[in-house]
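Here is the structure we will look at.
The values are calculated or read from the model by the stated rules, or taken from the named source; none is laboratory data. Note that the structure is a prediction, hence the values are computed from the model and not measured. No Cβ is skipped: glycine too gets one built from the backbone with ideal geometry, and neighbour counts run over all protein chains shown. All accessible areas refer to the heavy atoms of the entire protein, side chains included, with ligands and DNA or RNA removed. Shrake-Rupley method; radii C 1.70, N 1.55, O 1.52, S 1.80 Å.
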Amino acid sequence: MNEYRSEYFKEKMLELLQDKQYQQLHNLLLEMNTADIADVFQRLEDADMIIAYRLLNKDDAVAVFADLESEDQENLINALTDKELYEVTSNLLADDAADLIEEMPANVVKRILKNTDSKKRAIINQLLNYPEDSAGSYMTVEFVDLKANMTVQDAFARIRKIGVDTETVYTCYVLNSERVLKGIVTLKELLLADYETKIRDIMETNLITVYTHDDIEFTAKQTEKYGLMAMPVVDGEERLVGIITIDDMIEVIQDETTEDFELMNALAPAEDTYFRTNVWEHSKNRILWLLVLMLSSAITGTIITKYEVAFEAIPALVGFIPMLMNTGGNCGSQSSTLIIRGMAVDEIHLKDFFKVLWKEIRIAVLVGGVLCILNTIRILIQYHDLSIALVVSSTLFVIVIISKMLGCCLPMLARRLKLDPAIMAAPLITTVVDTCSVLVYFNIAIRVLNIG
């Protein structure tokens, strides 16, 4: 929902709440999508949100609750009676309930579990026992399971019986008596088949699965690669224990992208959204990287002071330092951004190291050559000094090559060391390149201009 519509619904809800027009508000909520309702609820004061929430019908209340931020969920839980809370938790999907419990403080968790039926409580505990960021911790155990010897008519009867309590009915999973996954069949295939057709005759047996302990980022990439609406999750004996649906995968991809953006801009990843993270947490997430980069830059300053003789002999040399450092940093950032992106989408792998390096060297030669020619012309027009033009342009050419090489090598080195390649992004690359730029510049200047 766009900002304008969200603001309109917020004002409309507030107007109806203020006038105590609860029936009209109930009718308004019936017309809205549950995701839009959750979006508007998060803009309301807690007291207004709680009143409006109680006007939702049962099914919408569960869907809206699942879409709310954890802080708003906690406020609702504290306001709901035990009976109301039971209605919500008993109808929440198990993976949503497990996510809820992970976010809540201990006293709230105790109340949630108290008002959750024993069967669902056992499932939640099972999900919570999987390692964080594993496929098992994200999966839902509610799915449609079929038998290979069922007919299509039997399958539809099964879907009607259990489909209301499952997260999706669009993909059904064919299991044997030991619950080993043998095939999958989509709702489209069922609809297009004759009622007497056996499931074994139409099911897909070329299966893509992940294991419960597989990393969730790997799982998301597999889901995207094969274009699945849901990823089956199996245990060590190939028994189907759950599925991860596309909405959860989108959330994973968004979280990973956000984390990469933060790392690429010298920020420690935050656990919550911008506005829900307090000033102290924001400062803590930023200051460590800034301190590291500041101290690294101090090394560059120390190197510059060692070449005071060159400054005194030819003061004009100082004026080219910012240009050389910025160009080198920009070149390195360009390369690192492309390499990090390539690794994120599985286009570039560690085995491609020399292939990538050779390509970046060739790019650097072309880019550096063009920049050198244009820079030489500029210096000759501005300073009429061929020796300075030679020093600056040759330095620029070397720096471009070094920067491009560092930009492609450092992210791949990070991957080799099992670190997130995103940490080798613009801020760190720029700092390293700055130091290299100063060293190359003054060493070339001293030799070409015979200084010192």
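On a per residue basis, the chain carries 54 Å² of accessible surface, using protein heavy atoms and a 1.4 Å probe. Relative to the globular-protein estimate of 2.2 N^0.38 Å, the Cα radius of gyration of region 340-428 stands at 1.37.
Rolling a 1.4 Å probe over the protein chains gives residue 430 an accessible area of about 40 Å². Note on the chain: helix-only mean residue ellipticity at 222 nm, from DSSP H runs of 4+ residues weighted -39500 (n - 2.57) and normalised by residue number, equals -21500 deg cm²/dmol.
Solvent-accessible area of the chain (1.4 angstrom probe, protein heavy atoms only): carbon and sulfur portion equals 56 percent.
Projected onto its three principal axes, the C-alpha set of region 107-213 covers 54, 27, 23 Å, listed from the longest axis down. Taking the convex hull of the alpha carbon positions in region 77-157 and averaging its projected area over all directions gives 7.0 nm². The lysines whose alpha-carbon is closer than 25 Å to the alpha-carbon of residue 404, local same-chain residues fewer than 8 away aside, are 351, 355, 359, 418.
Hydrophobic, long helices, defined as DSSP H runs whose alpha-carbon span along the helix axis is 30 Å or greater and whose mean Kyte-Doolittle value is at least -0.5, occur in the chain at 279-305, 321-344, 353-383, 386-416, 426-449. Roughly what percent of Cα-Cα pairs across the chain reach past 31 Å? When all Cα pairs of the chain are counted, 60 percent exceed 31 Å.
Counting other Cβ atoms within 10 Å, keep those with at most 11, restrict to DSSP loop, and tell me which chymotrypsin sites (Phe, Trp or Tyr not before Pro) in region 352-420 are left.
Taking region 352-420 and a limit of 11 other Cβ atoms within 10 Å, no loop chymotrypsin sites (Phe, Trp or Tyr not before Pro) are found.
For region 1-73, the fraction of C-alpha pairs more than 21 angstrom apart is 13%.
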